[in-house]
Structure formats: C-alpha cells, structure tokens
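First the structure, in the form of structure tokens, and then the observations on it.
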Amino acid sequence: MTDAEIVQRLHEGFRSGAIPRSMPIRPARDLQGLETVVVNGGHGQLCSACGERIGLFEQGSIEYRYPAVATWFHQHCGELWLAEREKPLRRA
C-alpha cells in the first residue's frame, strides 16, 4: 500500500471516528498496567492505518490505548498518523 493510500485511510478513519486524532491522556494515578503508549505493541493486531497485520516479532510498532479503544500501527504507519493527525481533514 502506498503512503497516499494509507493517508487516505487515516483521514477516512478520522472522519468516521474510528481513528482518534489526539494522543491518549495519561492517567492521573500510578501507571502500573495502565500505560497509554506501548512501543513494540500491537503484535498480531491489524494496523489501524493500513489494515495489514503487525508481525509477531516486528520492531517499532506502536499501540495507543484510549479509555474505549486501542489503535495499533506499524512504525511507518504510526509516523504517518503523527503527521496527519495535526492537518485539516481531507475531503472524501
């Protein structure tokens, strides 16, 4: 999948609410077991950006945990998410 296709999928997810645009909020109490960002997380999950499975031993993947949802990204897809989440939404 090309970067342009991934960016399009990200913006579709932003519009539908399936992909959050903000970083998760850190809990006010002790983080033990409540981490909101996990580097090398999401193994075996489908990437929230490209839809392809994150390899079981893939390095650099990232998981963002929100109160009601989690998102998972390959390293490159996560970098695209970080860049695109701050930009105005593209038209459908």
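The values are calculated or read from the model by the stated rules, or taken from the named source; none is laboratory data. These figures come from a predicted structure and were not determined experimentally. Cβ sites come from the backbone with ideal geometry, for glycine too, and all protein chains shown count toward neighbours.
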Original post:
From A92, A70, which residue is at pLDDT below 95, exposed (fewer than 14 other Cβ atoms within 10 Å of the Cβ) and of a type outside the set (K, R)?
Top reply: A92
**OP:** Sort out which residues of the range 1-34 are of a type in the set (V, I, T), modelled with pLDDT of 90 or more, under 15 Å from the mean Cα position of the chain (by Cα) and part of a loop (DSSP other than H, G, I, E, B), and write them in order of number.
**Re:** I19
